[in-house]
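The structure appears below as structure tokens.
Since every read-out is calculated from the coordinates, none of them should be taken as a lab result. The shown structure was predicted, so the numbers you read here are calculated from the model rather than taken from an experiment. Positions of Cβ are backbone-derived with ideal geometry, glycine not excepted, and every protein chain shown enters the neighbour counts.
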Amino acid sequence: MTNENGMVELFIEHPENVQLYHVQNMKEHLADNMEHPSTGKSALHTSWVLEQIVKE
């Protein structure tokens, strides 16, 4: 990102196995053992939050 103070870089380390619990929950959802906690509505909200974080 560039602003009046110059170039600013933001680097966020990726945690190890970041998708592990999401994949496990999808498996359980598909096996009818549970309702997956992530929905389209929650994904939309997460997307909005991330956009606010990186917004200029």
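Quick notes on this structure:
- For chymotrypsin sites (Phe, Trp or Tyr not before Pro), the sites in the chain that DSSP calls loop and that have at most 10 other Cβ atoms within 10 Å are Phe11.
- Relative to the longest principal axis of the Cα atoms of the chain, the long axis of helix 40-54 lies at roughly 20 degrees.
- Here the Debye sum runs over all C-alpha atoms of the chain as equal scatterers in vacuum, and log10 of I(q)/I(0) at q = 0.27 Å⁻¹ comes out as -1.10.
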